[in-house]
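We did not get these values from a lab; they are worked out from the coordinates using the rules stated. Since we're looking at a predicted model, the values are computed, not measured. Glycine gets a Cβ as well: all are built from the backbone with ideal geometry, and neighbour counts include every protein chain shown.
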Amino acid sequence: MLKVRGLCSGYGRIRVLEEVDLDVEDGEIVTLIGANGAGKTTLLMTLCGKPQASAGSIAFRGQELRGLATYQIIRRGIAHSPEGRRIFPRLTVLENLQMGAVVCGPDHFQADLDMVLDLFPRLRERLKQRAGTLSGGEQQMLAIGRALMGRPQLLLLDEPSLGLAPMIVRQIFDIIRTINRERAMTVLLVEQNAFHALKLAHRGYVMVNGAVTMQGGGEELLARPEVRAAYLEGGH
Ligand SMILES: Nc1ncnc2c1ncn2[C@@H]1O[C@H](COP(=O)(O)OP(=O)(O)OP(=O)(O)O)[C@@H](O)[C@H]1O
Ligand SMILES: [Mg+2]
C-alpha cells in the first residue's frame, strides 16, 4: 500500500530523514520506534506533505505523493492522528468528528459516526462537551475517531499512548487492534512505548538519527537484545 524509498526530509537547512525506506502492506500494522528526536514525527508529517520531502519517493497505492499538498494526500486516503492530538479544544466532540468527515462529504456521516462511537462509547456520552475539557485518554480517542471519520485506507498514528495511564494505554492499543482486524484498517504506528507497539504490530522499524537501522517482525524485534537494551526499560 505504501512504499517509501530514499526519503530525505527536514526543516529548512536542517536535514532530519536520511534516505528512509519503509513499506506498509495492505492490512498490516507497522510500527516505527526510536528515541526522542529520531525523526519519527518528521516521517509521518513528510508523508502528509509538510514538510515536503527533499529527495526520494512516496508511493501510495502505486501513485506518487511527493509534491502533493496535504489536502490532496488526505483525499487519497491517508489520515493522520498527530502527536499531541491536536484536537480543536473549543469545539465539541461532535464538531471535532464532523471536521474529520469533511474530506469525504456528508453521505456516510451517520454510519461513520455510529462506527466511531461504537469503538469509543465514552465519546458518545460526551458528544456535546467541549473537546478541551476531555481527559487525556478521551482526547486521544477523539483524535483517532476524528481520523477514522475521513474513511482512510491508511491510518497514521503518532504516539497515541503519550502521557496516558497504563490501563488507558491498553484500551487504546486494544482499539487499534480491533480497527485493524475488524475494519481491515492498515496502520502505521509511531510509538515510544516499544513493548506494546512491537507486541501489537506485524512488523516494525527502528529509527536512529533519521535513518532506519533495523527492521523485522514485531515479536522478532522484541526478542533482539539490542532492541531490548535500547528501547525496553528493565527488559520490558
Ligand atoms: N519544525 C521544526 N523545525 C526545526 N527542527 C525540527 C522541527 N520539528 C522537529 N525538528 C527537529 O527534527 C528532529 C526530529 O524530530 P521529530 O519530532 O521528528 O522526532 P521524534 O522521533 O518524533 O521524537 P519524539 O519521540 O520526541 O516525538 C529533532 O532534532 C527536532 O529538533
Ligand atoms: Mg514525535
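Which ones in segment 57-73 are polar (S, T, N, Q) and without any contact (Cβ under 8 Å) to a residue 40 or more places away in the chain? Break it down into steps so the answer makes sense when it comes.
Taking segment 57-73 as the starting set, the residues that turn out to be polar (S, T, N, Q) are 57, 63, 70, 72.
Hits for segment 57-73 are Q63, T70, Q72.
Given the structure, is L97 touching a His at 6+ places or on another chain (Cβ under 8 Å) and in contact (Cβ under 8 Å) with a residue 40 or more places away in the chain? If you could, list the steps in order and put the result at the bottom.
On the way: touching a His at 6+ places or on another chain (Cβ under 8 Å): no; in contact (Cβ under 8 Å) with a residue 40 or more places away in the chain: yes.
Judged against the criteria, L97 is not a match.
Of the residues that make up segment 49-62, is at least one out of contact with any strand residue (DSSP E or B) (no Cβ under 6 Å at 6 or more places or on another chain), among the charged types (D, E, K, R) and more than 21 Å from L162 (Cβ to Cβ)? First the steps, then the outcome.
Keep residues of segment 49-62 that are out of contact with any strand residue (DSSP E or B) (no Cβ under 6 Å at 6 or more places or on another chain), which gives 49-50, 52, 61-62.
This time we only want the ones that are among the charged types (D, E, K, R), so: 50, 61.
Cutting the leftovers down to more than 21 Å from L162 (Cβ to Cβ) gives us 61.
Looking through segment 49-62, at least one residue is out of contact with any strand residue (DSSP E or B) (no Cβ under 6 Å at 6 or more places or on another chain), among the charged types (D, E, K, R) and more than 21 Å from L162 (Cβ to Cβ).
Looking at segment 116-234, what helices (runs of 4 or more DSSP H) fall wholly within it and have at least 3 residues that are basic (K, R) and either surrounded by fewer than 21 Cβ atoms within 10 Å (Cβ to Cβ) or touching a residue at least 24 places away in the same chain (Cβ under 8 Å) (or both)?
Numbers: elements: 121-124, 136-148, 166-183, 194-200, 218-223, 225-231.
Where helices (runs of 4 or more DSSP H) fall fully within segment 116-234 and carry at least 3 residues being basic (K, R) and either surrounded by fewer than 21 Cβ atoms within 10 Å (Cβ to Cβ) or touching a residue at least 24 places away in the same chain (Cβ under 8 Å) (or both), they are 166-183.
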